[in-house]
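Notes for the one structure printed next.
No value in this document is a laboratory result; all are computed from the given coordinates. Here the structure is a predicted model, which is why all the values come from computation and not from measurement. Backbone-built Cβ (ideal geometry, glycine too); neighbour counts: all protein chains shown.
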Amino acid sequence: MFEHLAPAELEKFLHELDRIGRRIDELTREVDFFRRQLIAAHLVCVRSAT
């Protein structure tokens, strides 16, 4: 699939994939944080409603 790329192009592509992967990890951590915050807020609302 990538056989036609020169080694320098492959290296550049791999670096870009690494950068994208790190950004995905960062966004996943942010989503997890906000999900936990939402769950906590929901539990507070449920407890105060009962």
Q | Loop-located chymotrypsin sites (Phe, Trp or Tyr not before Pro) in the chain, at most 12 other Cβ atoms within 10 Å (DSSP) | A | F2
Q) How much mean residue ellipticity at 222 nm does the chain get from its helices, if each DSSP H run of length 4 or more adds -39500 (n - 2.57) and you divide by all residues, to the nearest 500 deg cm²/dmol? A) -32000 deg cm²/dmol
Q: Would you be so kind as to identify which of F34, A49, A8 lies farthest towards the positive end of the dipole of the chain, taking Lys and Arg as +1 and Asp and Glu as -1 on Cβ and the Cα centre as origin?
A: A49
**Q.** Total charge dipole magnitude, the chain, about the Cα centre, Cβ charges on Lys, Arg, Asp, Glu only, Debye to nearest 20
**A.** 540 debye
Q. Spin-label point model (7 Å from Cα, Cβ direction): what's the R35 to I20 distance in nm?
A. 2.2 nm
